[in-house]
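Everything on this sheet refers to the single structure shown next.
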């Protein structure tokens, strides 16, 4: 099961554009103040840095990720999640020609 | 004044990715069923086709647009809107090196 929509939220209209647009996300805020983002990563290999811990939930497409603590690339597809500690780096790659990786980023 | 956020909506988690990612948008649905999208256009010159009429509202960055009925490129910046008839083509360009054009697309 993938999360196809998120109800009852406030959407930040200005996107966050990272890596020359290889990653684009929009922030959402829940009524209780919880913040998440919905985004997409285009074919590329990118290194991200977390502030708060993050859980990445795939809603379409797929990526491979590699945590800073590992040499192993792990695939993450629709309905799958992976978690990254706070103040850590991690790599995401989407193969050239593949569908983009669509995700929800959960913080904390 | 720009529209910085949109409250009380349902967000479609999977983005729409057009033109190899030069345009990325997320759909939003209001409680009354009205649909809009929030998106971003990276530096490029792109031709879009409407189904329903659209009004494009800039929330950050800027673009130039050219309607099919015109030879003139017109700038649209934060807080400005322009409208496109239904079943029409229009061009948008964002200059190389410029900030992306962030928009809300209103349908109908």
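For the subset of segment A:24-33 comprising residues that are more than 7 Å from chain B (Cβ to nearest Cβ) and without any contact (Cβ under 8 Å) to a residue 40 or more places away in the chain, which member is surrounded by the most Cβ atoms within 10 Å (Cβ to Cβ)? Among residues in segment A:24-33 that are more than 7 Å from chain B (Cβ to nearest Cβ) and without any contact (Cβ under 8 Å) to a residue 40 or more places away in the chain, the one surrounded by the most Cβ atoms within 10 Å (Cβ to Cβ) is A:27. Put simply, of A:21, A:61 the only residue that is within 17 Å of residue A:91 (Cα to Cα), out of contact with any strand residue (DSSP E or B) (no Cβ under 6 Å at 6 or more places or on another chain) and crowded, with 19+ Cβ neighbours inside 10 Å is A:21.
Flag: residue A:37 does not match the condition of being in a loop (DSSP other than H, G, I, E, B) and either more than 9 Å from chain B (Cβ to nearest Cβ) or out of contact with any strand residue (DSSP E or B) (no Cβ under 8 Å at 6 or more places or on another chain) (or both). Under the condition of being within 12 Å of chain A (Cβ to nearest Cβ) and touching a helix residue (DSSP H, G or I) at 6+ places or on another chain (Cβ under 7 Å), the residues counted in segment B:40-67 number 2. Going by what's in this entry, would residue B:7 be described as surrounded by fewer than 15 Cβ atoms within 10 Å (Cβ to Cβ), out of contact with any strand residue (DSSP E or B) (no Cβ under 9 Å at 6 or more places or on another chain) and free of Cβ contacts under 8 Å to residues at least 24 places away in the same chain? The answer is no for residue B:7. Restricting to segment A:60-83, name every residue that is over 13 Å from the mean Cα position of the chain (by Cα), outside any strand (DSSP E or B) and under 21 Å from residue A:43 (Cβ atoms). Within segment A:60-83, A:72, A:73 qualify. Of the residues making up segment A:84-96, one or more are within 14 Å of chain B (Cβ to nearest Cβ) and under 13 Å from the mean Cα position of the chain (by Cα). Could you count how many residues in segment B:2-19 are more than 7 Å from chain A (Cβ to nearest Cβ) and over 16 Å from the mean Cα position of the chain (by Cα)? Total meeting the criteria: 0. Would you mention how many residues in segment B:85-108 are buried (at least 21 other Cβ atoms within 10 Å of the Cβ) and either out of contact with any strand residue (DSSP E or B) (no Cβ under 9 Å at 6 or more places or on another chain) or not in a strand (DSSP E or B) (or both)? Counting residues in segment B:85-108 that are buried (at least 21 other Cβ atoms within 10 Å of the Cβ) and either out of contact with any strand residue (DSSP E or B) (no Cβ under 9 Å at 6 or more places or on another chain) or not in a strand (DSSP E or B) (or both) gives 1.
Taken together, the values in this text are just the output of simple stated rules run on the coordinates, not laboratory data. All figures in this text were calculated on a predicted structure; none of them were measured in a lab. Heads up, the Cβs are rebuilt from the backbone with ideal geometry, glycines too, and the neighbour counts pull from every protein chain shown.
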